[in-house]
């Protein structure tokens, strides 16, 4: 999942070198944290949060066979 979020985020931003994705969690929950440059934050969140919602939807669809709950944090 980490690689999927990283590929999506790098395609959206102007500074792909500043994209950092980390995973943490246990057997029940997986948290993916996405950090981008301050100037790229609007591009990742999108108007009314639509791009952020889309990223979360794609990750949840890709992890549909995983029994863990998936959370995506954008910082």
### Task
State whether one or more residues within the stretch 7-18 are modelled with pLDDT under 95, under 14 Å from the mean Cα position of the chain (by Cα) and in a helix (DSSP H, G or I).
no
### Query
Inside the stretch 19-42, can you point out the residues that are part of a helix (DSSP H, G or I) and surrounded by 15 or more Cβ atoms within 10 Å (Cβ to Cβ)?
40
#### Entry: Extreme residue, nearest to the chain's Cα centre (by Cα), among residues of the stretch 49-75 that are under 16 Å from residue 28 (Cα atoms) and part of a loop (DSSP other than H, G, I, E, B)
63
### Message
As an exercise: evaluate residue 58 against (1) without any contact (Cβ under 8 Å) to a residue 40 or more places away in the chain; (2) out of contact with any strand residue (DSSP E or B) (no Cβ under 8 Å at 6 or more places or on another chain) and give the number of the one condition it does not meet.
### Response
(1)
### Query
Which residue out of 25, 46 is without any contact (Cβ under 8 Å) to a residue 12 or more places away in the chain, over 10 Å from the mean Cα position of the chain (by Cα) and more than 14 Å from residue 6 (Cα to Cα)?
46
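The values are calculated or read from the model by the stated rules, or taken from the named source; none is laboratory data. Since we're looking at a predicted model, the values are computed, not measured. Neighbour counts are summed over all protein chains in view; Cβ atoms, including those assigned to glycine, are modelled from backbone coordinates with ideal geometry.
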